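Here's the structure, in structure tokens; my notes come after.
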Amino acid sequence: MVMDRKIEKVLVEARGVNKHYPNFCDLKNISFSFDVGKSYGVLGPRNSGVTGLLRLIYCTAFSDKGEVMVLGYNAKNQPREIKSIVGVVPDALSLEEDLTVIEQLTVFGKFYDLAGPVVQNRARELLQQMELGGLEGYSTRHLSLFQRKKLCLARALLHQPQLLVLDEPTKGLTSNDKKWFLQMLQFVQKANINLVIGTSNYGDALELCDYILFLHNGRVIEQGEAKSLLTNIVGTTVIDFQSPPAEVEYQLAKFSNSYEVFIVDNRVRIFFKEGQDIKEALTKILSDNIITRKPNLDDIFVKLIGHSLEQKPWATT
Amino acid sequence: MGDNLRGLARDLWFLPKLRVGAFNVWSHYFLVFRQAPLINFFWVSVEPLVYLFAIGNGVGSLVAEVNGVSYFEFFFPGLLAISVMITTSYETTYGTYNRAYFSKTFANLFLTPISSMDLLLGEILWAVFKGLLSALTVVLVLYVDKYLSLGQLFSLLGASVLLCWFFSSLGLFITSIVGSSESFIYYQSGFLIPMAMLCNTYFPMTNYPETVQALIKILPLSQGVFLFRAIMEGRFELSFYLAVLYFLILSFLFTNWSLQRMSKKIETLV
């Protein structure tokens, strides 16, 4: 038997994508290529273009310039083909308040050309899996945030998509619920569904993704393997210590010859690469507030964009 | 200027594809509609019947005859046109605006494999359905009352489809140009309600001077009332077919124009 379509190796590809959004961050000249069989994270602080980029992938918005290809389909010309093989859990959980839990799913099934009984069975199965069994006839407006997230996930999986796109999947969840949700997503990964996750939480991305794309102000500022990214960009260890404001410049001069040093407020951060001597540096530091720790997402942003994530945008120039 | 006109012509002159997606949107709205059938029953069906009784019979009993027929006979086609116009117009103005901006319906449905055209054509289909429902209850009651023949019933419904299509596409066009939902008042109180009052509905056009009559005649509601009256009187002359053509052409143009304008907007709505 001749296959009428070649098996796609490229999950998502963007070439020189520009997009203007009136209500959030514009995307500027974005290019990347994601492969089938891996999970990808699009990471960025608030309003850095993550949602805007994901929307181009799941085709509720279309690029002004450049091309987005999803599993061999062109987003501009074949959005309906793409939508029929992509499942979406959007950030703004768009559930219809007037419908019951089970209707939320059966109504969606119709749009994917699924027969009534098939949808009914699959919907019930998914609700059981999401631990929402027994809530079938419940009105959506009475659901908690966690239940809404799970219902959205069930809805996104209804038509057995090849790609699942999630925007901020764990935002607003308690740590227990978050754990449950991440485990469910790992289960989804095992069923050979590719994930693309937009998030501002590095921990989530690290747990689920093989590869990470960093966005800031609508541009890709860094990308790489999730596991080695921190060590490659920041290093193996970070020493973070407090310094009196007057001495900050002095500290910078003292360490910047041999190490990477950054100032965040009144604290000095020294990044250590593999093999650099931490003990020796520690002896030179005069401070009663020294922390030695593993690198984190904030360090990456301090290095790549020059300020901490916690700083308010209006505090920086 | 020339380029603008050419662009407009391109926007207006194409054949929109009515795909299965639009019908899925319709059936989705039907499911939501079924959740609260009574609300719709009162708004779409009871209201026009109350008007018909109060004005047609009540006020009508004070009036001897209009143009040689009883006041009820004169008023009924006007009322049918008004209720069809108001129901469909509401659906694609306030209704569409609400689904697009507030109730997340657009954001929701746009995740499924449909294009923006499918979504918007679904809106028009839905408004046409709601308008027909309104027409259906009125003509059914009069049919049961043996006031209408079966042929008249179906002809009236057929003509209602034209009015429904026209007013739903015009409503969608208005939705594509308003800045906020408050602006619908201009359309409602400045266009729809005056038409409902003045276009040969409650009193005959012969009360106006000739020039005003000519102006009133070209308004869509007058044309609609004319269609219904012609059906009731069995007068299928050239002017009847011209009125049909009037609705077909204008509906087609407004449908395309509103589809173009709204689908450009849709990215910012979802």
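The values are calculated or read from the model by the stated rules, or taken from the named source; none is laboratory data. The structure displayed is predicted, hence computed values, not measured ones. Please note: Cβ atoms are built from the backbone with ideal geometry, for glycine as well, and neighbour counts cover all protein chains shown. For the accessible areas, the whole protein counts, side chains as well, though only heavy atoms, and no ligand, DNA or RNA atoms are used. Shrake-Rupley method; radii C 1.70, N 1.55, O 1.52, S 1.80 Å.
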Segment A:192-216 - residue that is out of contact with any Ser or Thr (no Cβ under 8 Å at 6 or more places or on another chain) and either open to solvent by less than 50 Å² (accessible area, probe 1.4 Å) or of a type in the set (A, V, I, L, M) (or both) and, of those, farthest from A:PRO45 (Cα to Cα): A:ILE193
Extreme residue, farthest from the other protein chains (Cβ to nearest Cβ), among residues of segment B:254-270 that are open to solvent by less than 50 Å² (accessible area, probe 1.4 Å) and within 18 Å of the chain's Cα centre (by Cα): B:PHE254
Single match in A:VAL101, A:VAL119, A:VAL165 (criterion: in contact with a Pro (Cβ under 9 Å, 6 or more places away or on another chain), of a type in the set (A, V, I, L, M, F, W, C) and either open to solvent by less than 30 Å² (accessible area, probe 1.4 Å) or in contact (Cβ under 8 Å) with a residue 40 or more places away in the chain (or both)): A:VAL165
Only one of A:LYS28, A:LYS38 that is in a loop (DSSP other than H, G, I, E, B), basic (Lys, Arg) and touching a residue at least 24 places away in the same chain (Cβ under 8 Å): A:LYS38
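Rundown of residues vs (1) out of contact with any Cys (no Cβ under 6 Å at 6 or more places or on another chain); (2) within 30 Å of A:GLY116 (Cβ to Cβ); (3) open to solvent by 40 Å² or more (accessible area, probe 1.4 Å); (4) more than 14 Å from chain A (Cβ to nearest Cβ), yes/no style:
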{"site": "B:ASN24", "(1), (2), (3), (4)": "yes, yes, no, no"}
{"site": "B:HIS28", "(1), (2), (3), (4)": "yes, yes, no, no"}
{"site": "B:LEU38", "(1), (2), (3), (4)": "yes, yes, yes, yes"}
{"site": "B:LEU79", "(1), (2), (3), (4)": "yes, no, no, yes"}
Residue match in segment B:56-70 (condition: in contact with a Leu (Cβ under 6 Å, 6 or more places away or on another chain), open to solvent by 10 Å² or more (accessible area, probe 1.4 Å) and either within 14 Å of another protein chain (Cβ to nearest Cβ) or touching a residue at least 40 places away in the same chain (Cβ under 8 Å) (or both)): no
Test set (1) aliphatic (A, V, I, L, M); (2) under 30 Å from B:ILE249 (Cα atoms); (3) in contact with a helix residue (DSSP H, G or I) (Cβ under 7 Å, 6 or more places away or on another chain) - B:LEU15 fails condition number: (3)
Residue check, B:PHE110 surrounded by 21 or more Cβ atoms within 10 Å (Cβ to Cβ) and within 14 Å of another protein chain (Cβ to nearest Cβ): yes
Selection within segment A:47-73 - within 9 Å of chain B (Cβ to nearest Cβ) and among the basic types (Lys, Arg): A:ARG55
Residues of segment A:131-159 that turn out to be in a loop (DSSP other than H, G, I, E, B) and farther than 14 Å from A:VAL89 by Cα, as a count: 10
The listed residue being more than 29 Å from A:VAL36 (Cα to Cα) and at pLDDT 85 or above, out of A:ARG293, A:ARG219: A:ARG293
Residue that is nearest to the other protein chains (Cβ to nearest Cβ), among those in segment B:2-22 that are open to solvent by 60 Å² or more (accessible area, probe 1.4 Å) and outside any helix (DSSP H, G or I): B:ARG19
Given (1) in contact with a helix residue (DSSP H, G or I) (Cβ under 8 Å, 6 or more places away or on another chain); (2) modelled with pLDDT under 90; (3) open to solvent by 30 Å² or more (accessible area, probe 1.4 Å), number of the condition B:SER45 does not satisfy: (3)
Residues of segment B:91-110 that turn out to be in contact with a Lys or Arg (Cβ under 7 Å, 6 or more places away or on another chain) and of a type outside the set (Asp, Glu), as a count: 2
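For every residue, the table says whether it meets (1) within 30 Å of B:GLN152 (Cβ to Cβ); (2) in contact with a His (Cβ under 8 Å, 6 or more places away or on another chain); (3) not in a loop (DSSP other than H, G, I, E, B).
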{"site": "B:THR175", "(1), (2), (3)": "no, no, yes"}
{"site": "B:LEU192", "(1), (2), (3)": "yes, no, yes"}
{"site": "B:TYR202", "(1), (2), (3)": "yes, no, no"}
{"site": "B:PHE228", "(1), (2), (3)": "yes, no, yes"}
Residue, surrounded by the fewest Cβ atoms within 10 Å (Cβ to Cβ), within segment A:74-94, restricted to residues that are under 18 Å from A:LEU127 (Cα atoms) and more than 7 Å from every other protein chain (Cβ to nearest Cβ): A:LEU93
